[in-house]
Structure formats: C-alpha cells, structure tokens
Amino acid sequence: MKILVLGTSGQVGTELMRAAWPPGTELVGLARPDVDMARPETVDAAVAAHAPDLVVNATAYTAVDKAESDRDAAFAVNRDGPARLAAACAARGVPLVHISTDYVFDGTKPAPYTEDDPVAPLGAYGASKEAGEAAVRAACPCHVILRTSWVYAAHGANFVKTMLRFGREREEMRVVADQHGAPTAASDIAAAIVAIAGRIAAAKDPGRDVPWGTYHFTGTGETTWHGFAERVFQRLEAATGRRPRLLAITTAEYPTPARRPANSRLDCARIRTAFGIEAPRWEDSLDRVLDELLSSPAS
C-alpha cells in the first residue's frame, strides 16, 4: 500500500513518518513547499505524481489567535486546500484521511461531544476547520475525518514544551483551570491512522467494507490546562528539582483574541466500535513524551 502523507513538518505528520507501519507499506511524505494547501496546484500535482492508494492530510493552519486577523489565510489552508485535495482523491478513487479539531464545537455542552452533535465554532480557526470537514465530505465519499484535541509531541511547538521551558525559567505560572479536555499525543494519533489504513488495505471492497465518516479520537480521560501543566511540572521536579508555583486562573483572567471552548471533551466510543481503536490514558502518553523530552539536553 502506497500512502501519501501531507504535512510532514507538523507534529502529527512527523509521527506518521516514524510510526510502525506494516511491512509492504510505501510511505511518501511531503511538506511545504512541495505541497502547500494555500497553492491548490501543488495539491493536484502531488496526488497525480505519486499515485497513492491512500492520502493522509496532516496539514493545517493552527495559529488559533492569529486566525482572527488572518481569516483568509486560515480558510485557504483549512478549507480550500482540503476541498481541492478531496476532489483530487475522489477523481482517482483514492481514500482520504483528514485531521480536524474539537474547535468545531462551542464548548457549551455539559457532556463530551459526539460526532452527531451540531457544530458551532467560536472563532475563525474553528470555522475554517469545520468548513474543511464539510468540503471533504462533499467531494470524497471514501473519507475518514479524525477530530482530536490538545495535541502535543516531543517536537514542534506545543503546550508541553512551553510548560517545560517556563518551568525552568519562572518561579510562578498561572494556567487556566476552567477549560476541560483530553491531551492527545501526536504519536497516538499516528498509531490510530496506521490502524485505519490497515483496515482500508484489508478491505476487499473499501467503498462498502470500510466504515467511512467522522470520528473522534483523543487521549483517554480528561483534565484541564491547569491539570495538564501540573502533570508536566511533577515530572520536571522529579527530573531537575525545579517546580514553579502553579496558580489556577479562569479563562476571563487570561483573555486571548480567539475564544476557546470551555468543554473540549470528545466522546470516542464510535471509533472504538467501528475500528477497535482506543487511545492510552492521557497521563501515560504524556509520561512517554516527557521521558523523551527530559532525556534530551536540547528540550
């Protein structure tokens, strides 16, 4: 099976390239400038040139706050590029796995969101990702849209690495404690996509035998950003002896250009039933990533 991965410079794309794929898998990874969602011609050219059996789109405009003033760029990458990619895949009969986000919801539901809950993004980033989902559904029948949340890895820019840096530099940290969600390791997302790809490869008739559609996938369990930071600082203290004071604050005390969902919890029962996929507990995956980061002098 030949798999084309787009967005290999990002957290999930990097993990996809170093994931444990089954023997016989041919993996082709592309990043900008070879493929750029804001330049549709590069999307068509990539699919045509590599003739894959499956495309995984791990590209995204993820600057949540900047998107409020850079709306056109966010929609170009998160809606228009995936729309062109989905059309290119459909024209060649190629399935598409596309990664999306909890930000398609407004966070007002008191329970975890299911795939059937109505979307209501709060800002430009969430709106652009929701529009990208709709474009993929409209253009490519054989698709899996994977919504996830609070993604981190040992590489790239993310909350875990920021907390480690601040934990070494500062005596006190103020972190929001009234936004709830599930941290998700990029490596766990990659492992889920490997499993989905295996199901597609094994299908005699992928159009009928694969449960195409939208799925939620996050780390198992839940916490807040404050609880997430607390876990990072516990490990930092064990490794270095340093641990800043951690103060819980409200969202109102930390204003940002883009509004964040208060509830980012996603119900992941559907992917467990359809594909047999379940993520590790978020704490276990975080410990694994922190082992890598804390053993590296450059982290």
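What follows is calculated from the coordinates using simple rules that are stated; it is not laboratory data. Model, not experiment: these values are computed from the prediction. Note: ideal-geometry Cβ built from the backbone for every residue, glycine included; neighbour counts use all protein chains shown.
Some observations on this one:
- The stretch 34-185 - Kirkwood radius from inverse mean 1/r over Cα pairs (Å): 16.9 Å
- The calculated FRET efficiency for the pair SER295 and ASP205, based on their C-beta separation and a Förster distance of 51 Å, comes to about 0.65.
- Gyration tensor (alpha-carbon) shape descriptor, the stretch 1-70, a/c threshold 1.5: oblate
- For the stretch 220-296: rounded, prolate or oblate by the Cα gyration tensor [a/c cutoff 1.5]: oblate
- Between the listed residues ALA51, ALA74, GLY93, the Cα displaced farthest toward the positive end of the dipole of the stretch 31-95, a dipole computed from Cβ unit charges relative to the Cα centre, is found at GLY93.
- Residue range of the chain that is longest and free of GluC sites (Glu not before Pro) which are both DSSP loop and sparsely packed (at most 14 other C-beta within 10 Å): 1-170
- Using the Cβ of ARG71 as centre and a radius below 13 Å, the other residues enclosed give a net charge of -2, where K and R count +1 and D and E count -1.
- Counting only alpha carbon atoms, the long axis of helix 225-240 and the longest principal axis of the chain meet at about 70°.
- Solvent-free Debye calculation, one equal scatterer per alpha-carbon of the chain: log10 I(q)/I(0) at 0.06, 0.07, 0.14 Å⁻¹ equals -0.19, -0.26, -1.05.
- Residues listed by number, the stretch 187-221, amide nitrogen under 13 Å from ALA20 label point at 7 Å toward C-beta: 188, 191-192, 194-195
- Net dipole in debye of the chain [+1 Lys, Arg Cβ; -1 Asp, Glu Cβ; about Cα centre; nearest 20]: 220 debye
- Cα-based shape type of the stretch 54-125, given that a ≥ b ≥ c are square roots of the gyration tensor eigenvalues and the cut on a/c is 1.5: oblate
- Mean projection area, nm², convex hull over Cα of the stretch 159-249: 7.5 nm²
- Inter-site label distance for ILE249 and ALA120 at 7 Å from Cα along Cβ, in nm: 2.8 nm
- Only helices enter this figure: runs of n ≥ 4 DSSP H residues, each worth -39500 (n - 2.57), summed and divided by the residues of the chain, yield -12000 deg cm²/dmol at 222 nm to the nearest 500.
- Helix 40-50 axis versus longest C-alpha principal axis of the chain: approximately 70°, rounded to the nearest ten.
- Count, lysine Cα pairs under 25 Å in the chain, 8 or more residues apart or across chains: 5
- In whole angstrom, the stretch 251-292 maps to an equivalent ellipsoid with semi-axes of 28, 19, 7, each derived as √(5λ) from the alpha carbon gyration tensor and ordered largest first.
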